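The values are calculated or read from the model by the stated rules, or taken from the named source; none is laboratory data. Note that the structure is predicted; figures quoted are calculated from it, not measured. Positions of Cβ are backbone-derived with ideal geometry, glycine not excepted, and every protein chain shown enters the neighbour counts.
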Amino acid sequence: MARKRKGVPRHGWLVLDKPGTMTSTQAMAKVRWLLKAEKAGHGGTLDPIATGILPIAFGEATKTVQYAMDGHKTYRFVMKFGQATDTDDRAGTVIATAPGRPTDAEIEAVLPRFTGLIAQVPPQYSAIKVDGERAYDLAREGEVVELASRTVRVDRFALIDRPTEDEVEFEVACGKGTYMRSLARDLAVALGTVGHITVLRRLSVGRFTLENAVTLEELEQIVAAGERDPDDLLLPIETALDQIPSIDLSATEAQRLRHGQGVLLLRRGDLERLEGLRDGVGDGAALATEAGRPVALVRLDGAELKPVRVLHV
């Protein structure tokens, strides 16, 4: 007999404004405990020192985590020139120094090199797996990890402020897999010096923004007061799916998907629905809904919708 899950079966997304005092996994675990949730996951790891948007999925929303991780992101960070650290942020140990302090004009002149599709080597201290082990675990053991360069997309890299001669604040809009620590490290090198990040804040992940975020302190107060249903804080499951097309089904078609069966779209009236899916973006997946409610993640095979993940809500 399957063991019964413990906790409340909640479904949806909570947008946490993560503090810079814990890892993403620790923050998720704390939120799950506060809401007594049965199942939870998070949509994209933030560095331990980083604050800002950490989307946390509950219940059936965990089936859409990958789409949140793939979403467009924006960050603000402050970097300090003159010191390089082994983690490329303030949490690490200084491993090199340099006297260079570039001017704003010099920085602005170099920024175009770091926009568009660029090659980037992730930090030594990162969650990337090397032979089955996390790079940061190997780095902590003193092992030098050779991480391969990868192509990432940076849509915007803008100088926002210059608090001191040593520090510069930037805002970045980018695609998945882009490391701010690597951007700061490589920018400093391109300017003939070294540097690291001292402050890092994520402003958005797809449709998840600071406008609908809650801090841990606020969440603790809401739960302690007991005057508000925690489910009222959750965003719909489909919030993470804005980058894939959707198709609304009849009750009969939706029922077939819920039972793991495909749905053939062969009638003349189905042509427009099919075109809407074929013109969509993403990795070929789509969201099937019934009267606006999510039913399943599906893929189109010819004229047949095949269920990939059924959403039991």
- prompt: Would the range 120-129 turn up any residue that is modelled with pLDDT of 90 or more, of a type in the set (A, V, I, L, M, F, W, C) and out of contact with any Cys (no Cβ under 7 Å at 6 or more places or on another chain)?
  reply: yes
- request: Being surrounded by 15 or more Cβ atoms within 10 Å (Cβ to Cβ) and not hydrophobic (A, V, I, L, M, F, W, C) is the filter; apply it to the range 24-40 and report the residue that is farthest from residue 234 (Cα to Cα).
  value: 24
query: When you scan the range 157-179, how many residues do you find that are over 20 Å from residue 69 (Cβ atoms) and either in contact with an Asp or Glu (Cβ under 7 Å, 6 or more places away or on another chain) or polar (S, T, N, Q) (or both)?
result: 8
task: Check whether at least one residue in the range 47-63 is among the hydrophobic types (A, V, I, L, M, F, W, C) and in a loop (DSSP other than H, G, I, E, B), and report yes or no.
output: yes
query: Just to be sure, is residue 155 modelled with pLDDT under 85 and either in contact with a His (Cβ under 8 Å, 6 or more places away or on another chain) or surrounded by 14 or more Cβ atoms within 10 Å (Cβ to Cβ) (or both)?
result: no
Residue 59 being small (Gly, Ala, Ser) and either under 30 Å from residue 191 (Cα atoms) or modelled with pLDDT of 95 or more (or both): yes
- request: Return the only residue of 146, 171, 108, 165 being without any contact (Cβ under 8 Å) to a residue 24 or more places away in the chain and either not hydroxyl-bearing (Ser, Thr, Tyr) or not assigned by TED's automatic domain parsing to the domain that holds residue 78 (or both).
  value: 146
query: Checking residue 46 against (1) more than 30 Å from residue 232 (Cβ to Cβ); (2) in contact (Cβ under 8 Å) with a residue 24 or more places away in the chain, which single condition isn't satisfied?
result: (1)
- request: Identify the single condition in (1) free of Cβ contacts under 8 Å to residues at least 60 places away in the same chain; (2) out of contact with any helix residue (DSSP H, G or I) (no Cβ under 7 Å at 6 or more places or on another chain); (3) in a strand (DSSP E or B) that residue 41 does not satisfy, given that it satisfies every other one.
  value: (2)
- line: The condition from (1) surrounded by 15 or more Cβ atoms within 10 Å (Cβ to Cβ); (2) assigned by TED's automatic domain parsing to the domain that holds residue 170; (3) β-branched (Val, Ile, Thr) that residue 94 misses is numbered (1)
- prompt: Residues that are farther than 25 Å from residue 69 by Cβ and within 25 Å of the chain's Cα centre (by Cα): which helices (runs of 4 or more DSSP H) entirely in the range 184-295 hold 1 or more of them?
  reply: 216-225
message: I'm checking my understanding of the structure. Among residues of the range 102-118 that are crowded, with 16+ Cβ neighbours inside 10 Å and either modelled with pLDDT under 95 or not hydrophobic (A, V, I, L, M, F, W, C) (or both), which one is farthest from residue 163 (Cα to Cα)?
response: 115
